[in-house]
Amino acid sequence: MVTVFTGKVEVGQNTRTTLAQSVADELRVPLSSIRMVMGDTALTPFDMGTFGSRSTPYMSPQLRRVASAARDLLLEQASAEWKTPADKLLANDGKITNPASGATLTYGQLAQRKTLAREIPDADPVTPPDQWTIAGKPVPKVDARAFVTGQHQYTPDLRPANLLHGKVLRPASFGATLVSADLAAAKAMPGVVVVRDENFVAVAAPTERSAEKAIAVIHADSITTPQTSSNQLYSYLKKNLETDGEHQQPHEKGSVVNGLTAATHRLEQTYNVAYIAHAPLEPRAALAEWKDEKLTVWTGTQRPFGVQEELSAALHIPKDRVRVIVPDTGSAYGGKHTGDAALEAARLARAANRPVKIVWTREEEFAWAYFRPAGVIEIKSGISSDGKLSAWEFHNYNSGASGIQTPYDVANQRIQFHPVNSPLRQGSYRGLAATANHFARESHMDELAHAAQIDPLEFRLRNLSDARLRAVFESAAKTFGWPRRKIQTSQGFGMGGGVEKNGYVATCAEIAVDQNSGDVRVVRIVTAFECGAIVNPDGLRNQVIGANIMGLGGALFEAIEFENGRILNPRFAQYRLPRFRDIPEIEAVLIDRKDIPPAGAGETPIVGLAPAIGNAIFDATGIRLRNLPLVPRGLKSLKTSA
Amino acid sequence: MANTPSGRDARGFEDQMAGPIHAQINGKSRAFASEPETSLLFALREGLGLTGTKYGCGEGQCGACTILLNGVPRRSCQLSVSDAAGKSIVTIEGFEHNGQLHPVQQAFLDQGAFQCAYCTSGMIVSSVALLQKNPNPSTTEIVQALQGNICRCGTHPRIVAAVEQAARAMHRSTPQGTGPKGSGQ
């Protein structure tokens, strides 16, 4: 049995499996002999966190180097034992063999009663992708059986003896200051522990129901401040630029003014992107337990070491007295970077001197987590008579700088991200701002192609010298059958793509508009994706298709509505997510480049979808939609309100 | 951990007088440790340790808490313990028998029909319910039956494929069927 320790966490992206594949591959042992210990601050080495599509490109080679060094150590042991040079021996299937003598020792025999340790050499060659035997293959999710039998324990499933259930009194609105709270009635309830620490008021009780009742009897007064609403969001973002803090410098090349003057077609457009929620099906949750002044917290987070820091700072205890353990978690999508629930549970557990579990309600999850940033994007562009881009000016307000650079060849560019004092708490999200930036850029490219009367694929290729990006556009188009001829007037085809975090993506979409209802239905999606050498084709396919399905929500109908410091649609009944009926036929075309080290794949496949759908809607109807979500209430309301 | 009384002391006096509510759960008669008004989801998870049934929304919108109540798929977050009195309940834990997975579980495994898998229990229970009623569902009927179950990771096509595989497998199996014990119609 081989135990591997890594600070990475499993949140459904299947990294437990792909990392295990890499170790098994490098160490030359069967996959089933690998046990991954992940995301435990007491057991695993420090890790920044599981985000930014970094596990495969950074952690995987690190673990390979460790495994390779371990294999060398074992070879040396056998070499000493048999007095045979190590380069005459073979490591395979958990054994060292001497082909000349036929002698065999298992890794277990070689390591028995010994501590073999070594610093990893600086340049330890690891197995190149074209020689992988376990990596590069479709293998099922590790521990999959525990998930279909309900045996896997997510954080909310943990039930230590003497457990209390925690509940937090949420403020009347964002930023509200608590003035007074009458806790007497709650404290009088049997078995209820009440904690007040400035703005933080919470209870712990033997059942969830009694905790809810205790919160309900607390009378609190607070001072609230008037705040903006989603109706005014985009003008608010333009008016509330961050003035303090460091300003992002524009990326500049050539002269946009000259490029625009030389252009035969000029275009200036604005694109808006709403706040959306991660809505992980497992809400934020934590179990905290104190023992001998030491705190252990189980919580679903992407940053166990970050949460350890947060707890240490907030509770004024040294870090070595805080242990954070991350059970494999019911998804995150960039939404679980912080330790809110962990801190709440820890405070209650300390006061109650018993373990306390907090599971956020869906409403809390919507209101008190953080959102994918909303944004306003302005583009000014020009093309010359040969259909080549001559100028490109791109400004993103608030949503972020990820994927902001254009992959197209254009001599004159000015590209800038403008940070804004966001009216809502915002943070990471699958793909970050790359979705917003690709939506704006790829919609704009489509507009330019139509203005120049050039086929959208041809227009892109004419302005694109990046061979890897060309390849995904061409393969998506080929599988999709681009250019398609309409057989119905309500049909439309569109494409979008780009490169981010070393992943290359192109998506083609077919949509249909219901002439009576105005509903837009996505009929078919083809996404071509290339992220270097593929570690697990089955897991990758699941991620690429999953990203597209998740992306359908943000593209078509997801939007957070808010007013005066409150979320107006904090329920699944009010915030529409993609469901079975929304799912089109989806095909993932995976390009395996054994000659290129693997990049992460959890995020980038999401970025081509929204512009592909928007461009397809234009193709079907002649209506150009420049806001995400595109059709929260269908096209009809849009037509009548326009 | 501190040595303190268990959660049961929060129960109301009348409830204790009336005695606990019983139900047939995964084929065994069991007594609920919770008050009659307690949500059935909480009572199953925290009271009886059947944590395979998940909380996802508390408003019957996501399907993660789906159980079979007298053979019918129900959202346990929308029910109370008293709703289950004397009835038969099957949770995700009730489908595996003697190490043998239910064909729907096996199909989810074979198809890799999950990512984070938090929705999986609810998906499997809803799928079992569908196949009990309709052993040969069309794709449209599967989509219809699972419309109330949310998978945020976007594994829908594989879930549909898993239900289709399970339908074929159950068709091939013996006429007395492979349905779980106690899920009776």
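Quick one: with all protein chains in place, what share of the accessible area of the range A:398-438 is carbon or sulfur, to the nearest percent (1.4 Å probe)?
Values: 530 of 1070 Å².
C and S atoms contribute 50 percent here.
Using alpha-carbon pairs under 8 Å, 6+ residues apart, how would you state the relative contact order of chain A in percent?
Taking the mean separation of contacting Cα pairs over the length of chain A, I get 15 percent.
Suppose every K and R has +1 on its Cβ and every D and E has -1 on its Cβ; what is the size of the dipole of the range B:103-172 about the Cα centre, in Debye to the nearest 20?
On the way: 5 positive and 3 negative charges, 7 e Å.
So the magnitude is around 40 debye.
Rounded to the nearest 0.05, what FRET efficiency do A:Thr115 and A:Ser312 have when you use their Cβ-Cβ distance and R0 = 25 Å? If you can, show how the numbers build up before the last one.
Numbers: r = 31 Å, r/R0 = 1.24.
Efficiency, rounded to the nearest 0.05: 0.20.
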Rounded to the nearest 500, what is chain A's calculated 222 nm mean residue ellipticity when only DSSP H runs of at least 4 contribute -39500 (n - 2.57) each, over all residues?
-8500 deg cm²/dmol
Hey, can you find the accessible area per residue of the range A:2-139 for me, probe 1.4 Å, expressed in square angstrom?
49 Å²
Solvent exposure of the range A:553-631 as accessible area per residue, Å², 1.4 Å probe
33 Å²
Separation in nanometres of the label points that stand 7 Å from Cα toward Cβ, at A:Leu568 and A:Asp130
5.9 nm
Where a Cα-Cα gap under 22 Å defines reach, which lysines qualify for A:Lys294, not counting those fewer than 8 residues away within the same chain?
A:Lys319, A:Lys357
Please give the residues of the range A:154-184, grouped as numeric ranges, whose backbone N is less than 15 Å from a label point set 7 Å along the Cα-to-Cβ vector of A:Ser222.
A:167-182
Between A and B, accessible area buried - total, square angstrom, nearest 100, 1.4 angstrom probe
5200 Å²
Is there a quick way to get the dipole size of the range A:1-117? I mean about its Cα centre, with the Cβ of Lys and Arg at +1 and of Asp and Glu at -1; what is the value in debye to the nearest 20?
100 debye
Leaving ligands, DNA and RNA out of it, report the carbon-plus-sulfur percent of the accessible area of the range A:12-157 at a 1.4 Å probe.
54 percent
With x for Gly and Pro, the residue-by-residue ³J(HN,Hα) of the range A:418-434, computed from phi through the Karplus equation 6.51 cos²θ - 1.76 cosθ + 1.60 at θ = phi - 60° and given in whole Hz, is 10, x, 10, 6, 5, x, 10, 5, 9, x, 5, 6, 2, x, 6, 7, 4
May I ask you to give the percent of accessible area on the range B:103-172 that is carbon plus sulfur, with a probe radius of 1.4 Å?
51 percent
May I ask you to give the solvent-accessible area per residue for the range B:21-94, in square angstrom, as obtained with a 1.4 angstrom probe?
31 Å²
I'd like the accessible area for A:Lys291, computed on protein heavy atoms only with a 1.4 Å probe and all protein chains in place. Round to 10 Å², please.
110 Å²
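Report the extension gain between A:Ala471 and A:Arg35 in nm, rounded to one decimal, defined as 0.36 nm multiplied by the number of residues separating them, less their alpha carbon distance. Could the numbers behind the result be given before it?
Details: separation 436, 0.36 × 436 = 156.96 nm, distance 3.76 nm.
So the extension gain works out to 153.2 nm.
Checking the a/c ratio against 1.5 first, then a/b against b/c, what shape does the Cα gyration tensor give for the range A:423-544? Don't skip to the end; give the middle numbers.
Numbers: a/c = 1.42, a/b = 1.23, b/c = 1.15.
Verdict is rounded for the range A:423-544.
Classify the range A:485-585 from the C-alpha gyration tensor, please: rounded if a/c falls under 1.5, else prolate or oblate depending on whether a/b exceeds b/c.
Numbers: a/c = 2.18, a/b = 1.20, b/c = 1.82.
Oblate.
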Using a loss threshold of 40 Å², tell me which positions in the range A:195-211 are less accessible in the complex than in their chain alone. Probe radius 1.4 Å, ligands and nucleic acids ignored.
A:Pro206, A:Arg209
Considering the options B:Asn136, A:Val66, A:Thr338, tell which one lies farthest towards the positive end of the dipole of the protein assembly as shown, charges being +1 on Lys and Arg and -1 on Asp and Glu at the Cβ, about the Cα centre.
B:Asn136
For a label point 7 Å from the Cα of A:Asp122 along Cα→C-beta, name the residues of the range A:48-79 whose backbone N is under 20 Å from it.
A:61-70
Output the residues of the range A:1-16 meeting this criterion: accessible area (heavy atoms, 1.4 Å probe) in the chain alone minus accessible area with all protein chains in place is 30 Å² or greater.
A:Gly12
Short version: ³J(HN,Hα) in whole Hz for each residue of the range A:590-600, in order, from phi by Karplus 6.51 cos²θ - 1.76 cosθ + 1.60 (θ = phi - 60°), x for Gly and Pro, what are they?
9, 9, 9, 10, 4, 8, 10, x, x, 10, x
Filtered hits (lysines, Cα-Cα < 26 Å from A:Lys88, offset >= 8 within chain) -> A:Lys114
Spin-label model distance (nm) - A:Met48 vs A:Ala86, 7 Å beyond Cα toward Cβ:
3.2 nm
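Determine the shape class of chain A: with a ≥ b ≥ c the square roots of the Cα gyration tensor eigenvalues, call it rounded for a/c under 1.5, and otherwise prolate if a/b is greater than b/c, oblate otherwise.
Numbers: a/c = 2.00, a/b = 1.10, b/c = 1.82.
Taking the square roots of the gyration eigenvalues as a ≥ b ≥ c, chain A is oblate.
Would you mind working out the magnitude of the charge dipole of the protein assembly as shown relative to its Cα centre, with +1 at each Lys and Arg C-beta and -1 at each Asp and Glu C-beta, to the nearest 20 Debye? Don't skip to the end; give the middle numbers.
On the way: 87 positive and 80 negative charges, 229 e Å.
That gives the protein assembly as shown a dipole magnitude of about 1100 debye.
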Within straight-line cross-link reach of A:Lys167, aspartates and glutamates at Cα separation under 12 Å, skipping those fewer than 8 residues along the same chain:
A:Glu208, A:Glu212, A:Glu344, A:Glu364
Under the 7 Å Cα-to-Cβ spin-label approximation, A:Arg321 and A:Gln248 lie apart by a distance in nanometres of 4.1 nm
Theoretical gain in end-to-end length, B:Asn98 to B:Arg172 [0.36 nm per residue, Cα-Cα removed]
24.6 nm
Using θ = phi - 60° and the Karplus relation 6.51 cos²θ - 1.76 cosθ + 1.60, list the HN-Hα couplings for the range B:25-38 in order, rounded to whole Hz, with x at every Gly or Pro.
10, 6, x, 10, 6, 9, 9, 6, 8, 9, 4, x, 7, 4
I want the antiparallel fraction of DSSP beta bridges within the protein assembly as shown, as a percent rounded to 5.
75 percent
Under a 1.4 angstrom probe, counting protein chains only, how are A:Leu233, B:Leu109 ranked by accessible area, largest first?
B:Leu109, A:Leu233
Run the numbers for A:Asn199 and A:Arg159: contour at 0.36 nm per residue of separation, minus the present Cα-Cα distance, in nm.
11.5 nm
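The values are calculated or read from the model by the stated rules, or taken from the named source; none is laboratory data. This structure is a prediction, so every number in the text was calculated from the model and none was measured. Because the Cβ atoms are built from the backbone with ideal geometry, glycine has one as well, and the counts that use them run over all protein chains shown. The protein model used for the area step is the full one, side chains on, heavy atoms only, and it has no ligands, DNA or RNA in it. Shrake-Rupley method; radii C 1.70, N 1.55, O 1.52, S 1.80 Å.
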